[in-house]
1. Once the dipole of the chain is set up with Lys and Arg at +1 and Asp and Glu at -1 on Cβ about the Cα centre, which of T307, L691, G102 lies farthest towards its positive end?
2. Could you tell me the accessible area of L249 in Å² (1.4 Å probe, neighbours in place), rounded to the nearest ten?
3. Could you report the accessible area of E675 in Å², rounded to 10, computed with a 1.4 Å probe on the protein chains as they sit in the structure?
4. List the lysines whose Cα lies under 18 Å from the Cα of K464, skipping any in the same chain that are fewer than 8 positions away.
5. For the stretch 677-756, what mean projected area does the convex hull of the alpha carbons give, in nm²?
6. How big is the dipole moment of the chain about its Cα centre under a simple scheme where the beta carbon of each Lys and Arg is +1, that of each Asp and Glu is -1, and everything else is neutral? Debye, nearest 20, please.
7. With no solvent and one point per C-alpha, what does the Debye sum give as log10 I(q)/I(0) for the chain at q = 0.05, 0.06, 0.08 Å⁻¹?
8. Using only the Cα atoms of the stretch 87-149, what do you get for the radius of gyration and for Dmax, in Å?
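The values are calculated or read from the model by the stated rules, or taken from the named source; none is laboratory data. Worth saying up front: this structure is predicted, and the values here are computed from it rather than measured. Cβ placement follows ideal geometry from the backbone for every residue including glycine, while neighbour counts extend to all protein chains displayed. These accessible areas exclude ligands, DNA and RNA; they are computed on the full protein's heavy atoms, side chains included. Shrake-Rupley method; radii C 1.70, N 1.55, O 1.52, S 1.80 Å.
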Amino acid sequence: MRKIVLIFAVIAALGVAGYFYFQKSARPAVVRNVLLITIDTLRADHLGIYGYAPAQTPNIDRLGEQGALFQNAIAVIPLTLPSHSSIMTGYNPYVHGVRDNGGFYLDDKAQTLAETMKASGFRTGGFISAFVLDRRWGIAQGFDEYFDNFELSKYKTVSLDSVQRRGDETLQQALNWISKNKDSRFFAWVHFYDPHTPYDPPDPFRSASNTKGNVGLYDGEISYSDNLIGRIREQLEQNDLLNTTLVILTADHGESLGEHEESGHGFFIYDATMRVPLIIRMPGAKPVRVKDQVRSIDLFATICDATGVSAKAGEGTSLMPLVHGRPMNKHLVAYSESYYPRFHYGWSELKALRTNEYKYIQAPDRELYRLTEDSTERLNLYTREQKRAQPFESELATMLANFATVKGPQTMDDDSLEKLQALGYIGYVAQTHTSESGILPDPKLKIRLYNRIKLAQSFSAEGKLTDAFNNIQRVLQEDDRILEAHLVLGNIYEKQKKHTLARESFQSALKYNADYVPAIFALARVYKEEGNFEAAKAGFQHLMQKDPRDSKAYFNLADIALDEKDFELALSYFKKVVELDPEQAISRNRLGACFVELKKYDAAIPELQKALQLNPRIPNAHFNLALVHEEHQDLEQAGTEYRKELELFPESYPANFNLSRVYRKQGRRLEERSELEACIRSKPDFGIAYLYLAKNLMDTGGDILQAKTFAEEGMQKLQEKSQLPFGHFLLADIYNRLGKPREAMQHVQQARAAAS
């Protein structure tokens, strides 16, 4: 793939992070393999090796004791996807363009570390633990195998934070892959998400920490992650790989844990979230502790240098001199940013430059901290030491001069705009949050509102809707222009089935920003729930135009097409969903179901089988396969698939009914009766099952009066008008056998009338 092209004049002017081209070394590669481990949301100062006394992290500590321990490693952004994008490209976010989780994609033009290693003959495997790093965001470029495979259908709500897996599941996939590729040169990336909220460590790590409150649970998650690191080491030792593998352990960002009033991460860029652990265990290198400041963007260059791989390594600098105990020929300045307050709340973004001694933060109220004397960044020196801050300001301005910081809203043609306005998607577009001088509010002044929004979201997720409502109402009373607050309120109303109020809340957000994607999606979703399919389709189609790579809009449009029995249209949408998200079982299954409805049975089978491969417990996949086998007259296999469906989902009354049909064709009348009785137990108002149960009794010499009772009850509950003739003819036969020809003839006449 083509590499990002930089303006060389700008890069030369930086002096902050040079642009290095690593020629292939004449000496043999120092290491054979590379293992990169990133632990999400891991503060450096909560590890034993970094001096945290309560820590239970023996495996990470051991790694640090045997390698290069970097005491001042700085992340570029306190959010998972953009931070990993910087690690994987060696560029800061203003270059690679990923500024936030969700809605941003790593461009295909980016040259990633995995692509670079693969081009040099390495096998590449990525194993991640959270949906925020799903391949759809572009981060999987260059990996031969990429384990994301998140089955979104099992989650009540899908968000970037909620869809995750425990580290042991990710670890097992990684260990299997390493074992399979141990005889090749490999680059493996393993990502653990466990220290991220919600803090929920498994036992025994929970029981050892839950007496210490939230921080204790966070430490318990870290201890659990440390245990996983120990298992990785065992695998490397067992396969004789430890002494030939470069092992790097780091984090994408930390966690504030209440510092500066921030409970989590993403909002501020103080060291609580920006200073991360970095350990590099280089085969043959002596242990060393490094005080020099380094950056996450330096890992690309470092790995290329250590392995002898030729690459343009972005803005980073190889840390190999420091790993070998030698000084660097320059001091590295770290850039950090967070556009999270701006994108989500309309408040000002934050940008920073950091050296070993000072940190400068560019905000409406600018900040300067002397870190050597104020490591917790409490004493803002900017007002009294502006001259010391000026070089930082100048350098930051030069660095960002040629890079756009925020994408403008997309324009729409007049017809689309008019249609959306008519459906309630857009009112007026107002300027938001700027003061008379045009300056956005400083996040430091909004942290309490931010915390209350997060509290409301937490209450809503726990089902405490009254508490959630009260908190978000207080936010909106103070600042009605916060888009996310309107979104939270709308979600609360939606959970309460108050669709009108939910729509009004989402529309309120769109009045302030007509391009606020979460509100457009939520509004379309409410219209869909209400059955207003035209309005829902308009919203989802608008989203499809705004972000053609987001499968959610296509999925919902396909779902509506299924409800409207337009299977060709549904098929086209599901094909697009599968193209964008090939590892989603529910989409494969529904694509297969569309093929079945359209009688394209040979096309249905591979999709249904793939769905079951991705998720062996997905509902209706075995049922759909059974339908295909029935059409192929393979009754034995059809019966097998229906039984598999019932083993997984015993209340699947359609499977009971269809299995009874298979048994009837096979002449297995007692088994037919058993399935019909099971069908009625699961679905007491399923009228057609009563009719066939009555017929079964008549065909097998059963109780004729009982058959009459079943038939009459079935006719009362029958919803399919097409089955009325069958029911009347059945009752005519019953009355005839009972010696009541007049009643029999009446039902014959009714059957003929219903059939006409």
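1. The residue sitting most towards the positive pole is T307.
2. Per-residue accessible area (L249): approximately 0 Å².
3. My reading of the accessible area for E675 is about 30 Å².
4. Counting by Cα, and skipping residues close in sequence, K464 has these lysines nearby: K156, K454, K495, K497, K498.
5. Dividing the Cα hull surface by four gives the mean projection, 4.8 nm².
6. For the chain, the charge dipole is close to 780 debye.
7. -0.33, -0.46, -0.76
8. 11.5, 33
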